[in-house]
Amino acid sequence: MSKAVFFCVGTGGHVLPVLNIVKTISKKGVNESDMLVVTDKRGEQYFSDSSLEVITYPFVSSTKGILGYFFKIFKIVISVFVIFKKLRKLNISFIFTTGAYIAPVAAVLSMMLRTKFYIQEQNIFAGLGNKVSAFRANSVFTSFPNTENISQKKIDFSGPVLNLDVEKIKENSNSNITIGFQGGSQGSKEINDLAIEFAKDPIYENIKIIHIVGKSHNSSIINRKNYVSYDFIENMDNYYDSINIQVSRAGGGSLEAAFLNIPQLLVPYKHGTTSQHQLLNAQFLEKKGAAKIITSYEELKVMLNSYLDDELSKLEFNIKAGNDHIGKVLIDEIN
């Protein structure tokens, strides 16, 4: 049997799609023993409860774009040869990556190992890693149609890889209004501050609040009967089944709530290269009627009042999930 190799690093936004593709193809009969994950120390934690074989390596990242990688080229070359030594004896069916700073390493290794190479891009504006790696890709699976900053010839619009059971139909029987706050797997101080301010506002004491604080933040201690917080939620199905509206960042994960037709108030990240694709993601969803962009607590209140007046609650945006499509392509490669 050939080996399927997945490259993912960093935060849940890049690692969870791999976990969910693994789940998808496992349900179709592919054994976890026939799959291997290459990640870094941050990504490794997501596989602690998995039987997958995991290779962990301190891959080089940069906050200064291409220039930063240029000055670290020696370390990048070393990482390529270290991983090549571990993979060269395997019968590899394909290499799959969810991007970020590991994508160019995965692309070069796919060339050295002479194997198929696939990329998953979750944002409407492709990141630098995926952009420079796309030359080698057989396909780039995209969450959004008309993804920018990447060769259109490579794009296979699959829809997003969702961190939930895509076969499950959402049936929210909650008669009370519940609002969910989340800022991604690592959390967001800006989102957390909005959640805390909202929880302390006596105007909304009858609205339930579920607050995902994030792994890199301490759980907020707020003595309110309508408020509950979690560092991280493994089963996002239960979370989405419990909420009527969500306040979140505008990364690729915002497509999960859109898939379930849950209205969203989006606060795009404002710093670095991430700000560009988050703003574009949010603008796309707002234009399609799936969300509203907010920049302050006052705007949150205005939009929430619109929801309570039954305006925002009518938002609807039907999208497809990419789990099954990507899974089918990869399974065909394994077989």
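What residue among GLY180, GLY129, GLY29 has the largest mean-square fluctuation in a Gaussian network model of the chain, using Cα springs under 10 Å? Maximum fluctuation in the GNM of the chain, among the listed residues, is at GLY29. Protection proxy ranking of 16-23, 234-241, 118-125, by the mean of other Cβ atoms within 10 Å over each peptide's residues and highest first, is 118-125, 16-23, 234-241.
Dividing the C-alpha radius of gyration of the chain by 2.2 N^0.38 Å, with N its residue count, gives 1.01.
Taking R0 as 56 Å, what's the FRET efficiency between ASN91 and ASN235 from their Cβ-Cβ distance, rounded to 0.05? My answer for the efficiency is 0.95.
Rounded to the nearest 10 degrees, the angle from helix 272-287 to the longest Cα principal axis of the chain is 60 degrees.
Explain nothing, just the number: relative contact order of the range 108-157, from Cα pairs under 8 Å at least 6 residues apart, as a whole percent.
Contact order relative to length: 37 percent.
Across the range 223-239, coupling constants 3J(HN,Hα) worked out from phi with the 6.51/-1.76/1.60 Karplus curve, θ = phi - 60°, read 8, 9, 5, 9, 10, 9, 10, 9, 5, 7, 10, 6, 8, 6, 4, 5, 4 Hz, and Gly and Pro carry x. Each residue of the range 182-187 was assigned a 3J(HN,Hα) from its phi angle through the Karplus curve 6.51 cos²θ - 1.76 cosθ + 1.60 (θ = phi - 60°); the sequence is 8, x, x, 4, 8, x Hz, with glycine and proline shown as x.
Here PHE232, PHE259 are placed in order of increasing Cβ neighbour count within 10 Å, fewest first, which gives PHE232, PHE259. Against the chain, whose longest principal axis is taken from its Cα atoms, helix 323-334 shows a tilt of about 10°. For the chain, the relative contact order works out to 16 percent when only alpha carbon pairs closer than 8 Å and six or more residues apart are counted.
For ASP156, the residues whose modelled amide H falls within less than 5 Å of its own, excluding neighbours fewer than 5 places apart on the same chain, are VAL140, PHE141, THR142.
The relative contact order of the range 178-314, computed from alpha carbon pairs under 8 Å that lie at least 6 residues apart in sequence, is 20 percent.
Averaging Cα coordinates gives a centre for the range 90-166 and one for the range 2-16; these two points are 11 Å apart. Residues VAL15, VAL9, ranked from the fewest to the most other C-beta atoms within 10 Å, line up as VAL15, VAL9.
Any idea what angle helix 189-200 forms with the longest principal axis of the chain, computed on alpha-carbon atoms, 0 to 90 degrees, nearest 10? Once rounded, one gets 20 degrees. Could you work out the helix-only [θ] at 222 nm for the chain, with each DSSP H run of four or more residues adding -39,500 (n - 2.57) and the total divided by the number of residues, to the nearest 500 deg cm²/dmol? Only helices count here, giving -10500 deg cm²/dmol.
Every number here is computed from the coordinates shown, using simple stated rules; none is lab data. The structure presented is a predicted model; accordingly, all values stated were derived computationally and were not measured. We place every Cβ from the backbone using ideal geometry, glycine too, and count neighbours over all the protein chains shown.
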